[in-house]
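The values are calculated or read from the model by the stated rules, or taken from the named source; none is laboratory data. Owing to the predicted nature of the structure, the values given are computational and were not obtained by experimental measurement. Because the Cβ atoms are built from the backbone with ideal geometry, glycine has one as well, and the counts that use them run over all protein chains shown.
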Amino acid sequence: MVADAVVVGAGPNGLTAAVELARAGLSVQVYEAADTVGGGARTEELTLPGFRHDPCSAVHPFGIGSPAFQALPLGRHGLEWLQPQVPMAHPFPDGTAAVLGRTVGETAASLGPRDAVTYRKLMAPYVGHWDSIAADFFRPQWAGIPRDPYRFLRFGLTGTPPAALLALRFRGAKARGMLAGLAGHAISRLSQPFTGAMAMMFALAAHERGWPVARGGSQAISDALAGHLAELGGEIRTGVTVRKLDELPPARAYVFDTSPTALARIAALGDAYRGYRYGPSVFKIDYALDGPVPWTAEAARRAGTIHVGPTYTEIGDALNRAVTGRPPHTPFLITSQPTVVDPSRAPEGKHVFWAYGHVPHDWHGDATDAVERQIERFAPGFRDLVLARAVTGPAGLAARNANYVGGDVACGAFAGLQAVLRPRLAAVPYATRRPGVFLCSSATPPGPGVHGMSGHNAALAVLRHLRRSARR
Ligand SMILES: Cc1cc2nc3c(=O)[nH]c(=O)nc-3n(C[C@H](O)[C@H](O)[C@H](O)COP(=O)(O)OP(=O)(O)OC[C@H]3O[C@@H](n4cnc5c(N)ncnc54)[C@H](O)[C@@H]3O)c2cc1C
């Protein structure tokens with residue numbers, strides 16, 4: 001029997017594409033290489049029994065704020081967002097912290113009087129407008145008319161320049177450091193255009209929707225998507241690595257939650273993505289801890305996410321080293337402590353915690369000591385709490401998920417125009433040169449993160465294609 005659609009890869013984007021197509025009444029089959037669904041949104045006992053770690057994503061500002069997820073009954077399938085008291089803290093060695101709070105006011109208050117005014121002016125036009133801003137930014141921005149043209153343009157003009165320019169508006173180390181840390185999620189230089197928008201989107205998400213974790217771990221997001229898909233009649237087969245298109249059953253459309261280069265190999269697309277570039281990697285450590293991380297800064301003990309930099313200069317240097325192929329020295333760390341809000345993730349009194357720093361593409365060194373020295377600067381005594389650690393460098397990441405080419409967790413560098421024109425300049429970036437074959441991974445707009453919007457947008461492109469084919 002010919003399926004309407006076959007989806008390859010059960011990451012958040014593949015599952016969202018499958019769900020959207022099934023909701024449109026199509027028969028859908030999903031093939032996933034790993035033994036379980038989830039891709040970058042999964043949960044495993046990586047260290048000791050009873051410690052439930054997220055090997056990849058843990059914190060989901062764009063998940064709770066995703067127009068695609070908001071339209072799906074994921075709560076009915078077990079997804080519950082848990083909000084830490086503080087979305088993100090950015091500690092300094094003197095025991096103080098910049099605090100990205102649930103409100104602009106709380107955040108501004110942590111930045112000092114002069115920068116407080118600048119921060120309020122920067123964010124005020126967008127607060128209360130998340131829905132239209134998310135709708136306009138989580139799609140290919142060159143396609144279609146924005147829902148809120150005024151804010152789209154204003155946000156775009158402010159955010160298109162690099163974070164380096166945005167940082168010039170601020171005077172103090174706290175505001176400049178916090179901005180650099182938020183922009184650092186792009187895994188590129190702070191002088192890269194569009195990193196300003198990245199920082200502003202993360203800040204706005206904190207004020208509008210929070211930076212929550214999923215109760216029980218990120219696997220709950222993937223399981224909720226898979227549960228809804230099953231309810232709609234979709235089928236998932238795990239443990240199947242797809243290597244050639246003709247290994248798959250006949251279908252009217254194929255949707256790939258893979259890297260562009262893997263898709264080119266599988267679907268014989270030749271040099272379609274020859275210019276596509278992969279970026280730096282990360283060095284990640286998952287910890288089982290005997291107690292909470294002893295952050296010196298009080299706000300950091302209540303935060304779900306802690307950015308360990310601290311200054312604009314240190315963060316910029318750390319990112320530059322990764323981008324230019326030099327080993328980490330004093331890494332900028334993104335860390336997550338879900339047990340502050342979800343004690344079910346570890347035995348009583350114990351905690352799970354992860355930290356990653358940026359390293360060059362396909363780097364084979366060991367950054368464990370560099371990572372832990374950096375944590376100890378802001379949380380003395382941290383090492384004494386470590387019960388077990390699971391260490392994963394670029395090779396381990398790539399082995400776990402074929403989309404992390406050379407350990408690039410963003411499935412494509414945030415560099416040059418590729419930062420927004422992913423995977424290449426095209427009116428429909430999800431379509432390929434082969435009719436009926438589509439790409440839906442984070443290599444397509446709006447890019448990395450667990451939000452399912454690449455899958456959602458790709459599914460809309462598939463439905464348009466099928467309608468056109470039916471008319472013909
Ligand atoms: C260490 C780390 C931390 C992160 N932290 C966060 C975070 O806190 N918040 C956040 O929002 N995002 C985070 N991310 C990013 C996020 O996980 C990804 O952007 C997101 O998962 C991308 O979704 P996707 O569906 O495009 O791809 P993936 O999630 O990578 O899923 C792709 C799936 O396709 C499968 N696949 C690939 N090739 C084949 C094939 N040939 N045959 C069959 N199956 C195949 C893979 O096995 C995988 O399951 C993090 C990522 C990493 C690695």
Quick count over segment 47-59, residues being touching a Lys or Arg at 6+ places or on another chain (Cβ under 9 Å) and either in a loop (DSSP other than H, G, I, E, B) or free of Cβ contacts under 8 Å to residues at least 24 places away in the same chain (or both), is 9
Within segment 82-120, work out how many residues are among the small types (G, A, S) and in a strand (DSSP E or B).
3
Could you grab me the full set of residues in segment 60-78 that are in a loop (DSSP other than H, G, I, E, B) and touching a Phe, Trp or Tyr at 6+ places or on another chain (Cβ under 9 Å)?
H60, G65, S66
When you check E235 against the structure, is it within 22 Å of H465 (Cβ to Cβ) and of a type in the set (D, E, K, R), yes or no?
yes
Can you tell me how many residues within segment 22-80 are under 30 Å from F283 (Cβ atoms), of a type in the set (S, T, Y) and surrounded by 18 or more Cβ atoms within 10 Å (Cβ to Cβ)?
4
When segment 274-291 is checked residue by residue, the ones that are modelled with pLDDT of 95 or more and either more than 16 Å from A410 (Cα to Cα) or part of a strand (DSSP E or B) (or both) are S281, V282, F283, K284, I285, D286, Y287, A288, L289, D290, G291
For segment 412-430, indicate whether the set of residues that are on the phi > 0 side of the Ramachandran plot, in a helix (DSSP H, G or I) and not basic (K, R) is non-empty.
yes
Of all residues being among the small types (G, A, S) and within 16 Å of V30 (Cβ to Cβ) in segment 246-261, which is nearest to the ligand (Cβ to nearest atom)? Just the residue, please.
A251
How many residues are among the β-branched types (V, I, T) and part of a strand (DSSP E or B) if we restrict to segment 313-350?
2
So, first residue under 15 Å from V391 (Cα atoms) in segment 347-364, second residue crowded, with 18+ Cβ neighbours inside 10 Å and aromatic (F, W, Y), Cβ within less than 6 Å, six or more apart or across chains; the pairs are V352/F51; F353/Y287; G357/F283; V359/F283
Only residues that are crowded, with 19+ Cβ neighbours inside 10 Å, closer than 24 Å to L425 by Cβ and under 19 Å from the mean Cα position of the chain (by Cα): list them for segment 237-293, please.
F256, D257, T258, S259, P260, Y278, G279, P280
Take L168 and tell me if it is among the aliphatic types (A, V, I, L, M) and surrounded by 21 or more Cβ atoms within 10 Å (Cβ to Cβ).
no
Residue selected from segment 1-14 under the condition assigned to a strand (DSSP E or B) and within 22 Å of the chain's Cα centre (by Cα), by the criterion surrounded by the fewest Cβ atoms within 10 Å (Cβ to Cβ)
V8
May I ask you to list the residues in segment 82-114 that are in contact with a Lys or Arg (Cβ under 8 Å, 6 or more places away or on another chain), of a type in the set (A, V, I, L, M, F, W, C) and under 19 Å from M201 (Cα atoms)?
V86, A89, A98, V104, A108, L111
So L182, is it out of contact with any Cys (no Cβ under 7 Å at 6 or more places or on another chain), surrounded by 19 or more Cβ atoms within 10 Å (Cβ to Cβ) and either of a type outside the set (D, E) or part of a helix (DSSP H, G or I) (or both)
yes
Options G436, G416: the member that is at pLDDT 95 or above, surrounded by fewer than 23 Cβ atoms within 10 Å (Cβ to Cβ) and not charged (D, E, K, R)
G436
Checking A399 against (1) within 15 Å of the ligand (Cβ to nearest atom); (2) out of contact with any Asp or Glu (no Cβ under 7 Å at 6 or more places or on another chain); (3) not in a helix (DSSP H, G or I), which test does it fail?
(3)
Going by what's in this entry, would L225 be described as in contact (Cβ under 8 Å) with a residue 24 or more places away in the chain, assigned to a helix (DSSP H, G or I) and surrounded by fewer than 19 Cβ atoms within 10 Å (Cβ to Cβ)?
no
Take the residues in segment 15-44 that are among the small types (G, A, S), closer than 18 Å to H465 by Cα and within 21 Å of the chain's Cα centre (by Cα), then tell me which one is farthest from the ligand (Cβ to nearest atom).
A18
Single residue of V8, V59, V2 found to be within 9 Å of the ligand (Cβ to nearest atom) and over 23 Å from P212 (Cα atoms):
V8
Can you tell which of E247, E298, E231, E235 is among the charged types (D, E, K, R) and within 30 Å of T339 (Cβ to Cβ)?
E298
Flagged in segment 432-448 as free of Cβ contacts under 8 Å to residues at least 40 places away in the same chain and either more than 10 Å from the ligand (Cβ to nearest atom) or assigned to a strand (DSSP E or B) (or both), in numbering order, are P435
Taking the condition of being within 11 Å of the ligand (Cβ to nearest atom) and in contact with a Leu (Cβ under 7 Å, 6 or more places away or on another chain), how many residues in segment 402-424 meet it?
3
May I ask you to verify whether D384 is in a helix (DSSP H, G or I) and either exposed (fewer than 15 other Cβ atoms within 10 Å of the Cβ) or among the β-branched types (V, I, T) (or both)?
yes
Testing W211 on (1) in a loop (DSSP other than H, G, I, E, B); (2) surrounded by fewer than 24 Cβ atoms within 10 Å (Cβ to Cβ), one condition comes back false. Which one is that?
(2)
